[in-house]
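Have a look at the structure below, then the notes.
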Amino acid sequence: MTPVLDVRGLAFAYPDGHQALFGVDLHVHAGERVALLGPNGAGKTTLVLHLNGILSGETGHGEGSVTVSGLPVTKKNLLEIRRRVGIVFQDPDDQLFMGSVRADVAFGPANLGLRGPELDQRVMAALEQVGMADDADRPPHHLSFGQRRRVAIATVLAMEPEILVLDEPSSNLDPASRRELADILRSLDITVLMVTHDLPYALELCPRSVVLSQGRVVADAATYDVLTDEALMRAHRLELPWGFDPRSIPVDSLPG
Ligand SMILES: Nc1ncnc2c1ncn2[C@@H]1O[C@H](COP(=O)(O)OP(=O)(O)OP(=O)(O)O)[C@@H](O)[C@H]1O
């Protein structure tokens with residue numbers, strides 16, 4: 001089966017010569033939810049920015065390849081790649097700039113040529129997926145941070161991407177919003193790659209974790225196995241929150 005996301009031998013140095021990735025391999029199959037973990041400066045954002053061609057060999061010095069459902073990420077394929085790879089950035093305000101929630105969610109599909117009832121239906125379906133349909137006519141800047149994050153996710157879902165990439169989805173959320181977002185993410189029938197420093201969230205949502213450290217993949221295993229590997233965790237500056245013990249979570253409540 002062709003992976004949805006196929007990263008092979010990806011190496012990248014920024015124009016100032018700083019080498020951020022050294023031969024990264026990552027294969028994600030349809031329906032998987034994978035956490036991308038690693039300390040500050042590991043190269044997670046650099047990798048994510050390659051997934052839809054924001055960074056590439058043309059913006060620095062690169063080697064290797066990224067393929068999305070068989071389509072290589074190249075300049076020629078960028079439009080289709082950006083439809084297939086939906087990236088939700090950490091700050092929802094980077095993605096919301098229209099006068100209403102509805103208009104923000106409609107922006108992408110309208111650019112793809114959708115109009116009329118088909119566009120409305122696409123917008124409302126995406127808002128329903130994130131529990132924000134009742135707020136369609138509100139200005140995004142009237143919403144709470146957690147609500148804006150959900151709308152930012154809807155703007156991406158409205159493109160019907162093949163993979164949803166989330167950068168720190170739980171950051172700045174209160175515990176209830178964090179849990180509600182976890183419920184939403186679990187309910188989506190979509191392949192997910194989630195960059196996070198929130199290790200309990202990774203355990204709760206992602207059966208598999210990939211650890212990036214100093215630009216290299218140093219682990220690719222079941223999240224439970226990663227989080228209980230004390231030597232690995234220590235070597236790569238990964239720390240569990242105080243009092244959190246993955247071994248105390250009943251195995252049948254972990255995502256499988
Ligand atoms: N524009 C840039 N020019 C030069 N070096 C950069 C640039 N952006 C990032 N880097 C460097 O590349 C390396 C990887 O950075 P990156 O932002 O990808 O890490 P990260 O894993 O996302 O970190 P964090 O968890 O802090 O967000 C770091 O050493 C960083 O200093």
Filter result for the condition that a residue is at pLDDT 95 or above and more than 17 Å from the chain's Cα centre (by Cα), over R150, R208, R216: R216
Flag if A110 is modelled with pLDDT of 95 or more and surrounded by 16 or more Cβ atoms within 10 Å (Cβ to Cβ): no
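Any chance the range 124-131 includes a residue that's at negative phi and within 16 Å of the ligand (Cβ to nearest atom)?
Within the range 124-131, none of the residues are at negative phi and within 16 Å of the ligand (Cβ to nearest atom).
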Exclusive hit being exposed (fewer than 15 other Cβ atoms within 10 Å of the Cβ), closer than 30 Å to Q129 by Cα and hydroxyl-bearing (S, T, Y), set S248, S253, S177: S253
V7 being more than 9 Å from the ligand (Cβ to nearest atom), among the hydrophobic types (A, V, I, L, M, F, W, C), under 30 Å from L254 (Cβ atoms) and surrounded by 15 or more Cβ atoms within 10 Å (Cβ to Cβ): yes
Residues satisfying the stated conditions in the range 22-79, i.e. more than 9 Å from the ligand (Cβ to nearest atom), in a helix (DSSP H, G or I) and among the polar types (S, T, N, Q): N77
Subset of the range 80-104 (residues that are outside any loop (DSSP other than H, G, I, E, B) and within 21 Å of N172 (Cβ to Cβ)): G86, I87, V88, P92, D93, D94, V101, D104
Any chance G17 is part of a loop (DSSP other than H, G, I, E, B), over 30 Å from A182 (Cβ atoms) and more than 9 Å from the ligand (Cβ to nearest atom): no
Top-ranked residue in the range 219-245 [being at pLDDT 95 or above and of a type in the set (D, E, K, R); ranked as nearest to the chain's Cα centre (by Cα)]: D220
The listed residue being in a helix (DSSP H, G or I), away from the ligand (no atom under 16 Å from the Cβ) and surrounded by fewer than 22 Cβ atoms within 10 Å (Cβ to Cβ), out of I184, I153: I184
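The values are calculated or read from the model by the stated rules, or taken from the named source; none is laboratory data. Model, not experiment: these values are computed from the prediction. Please note: Cβ atoms are built from the backbone with ideal geometry, for glycine as well, and neighbour counts cover all protein chains shown.
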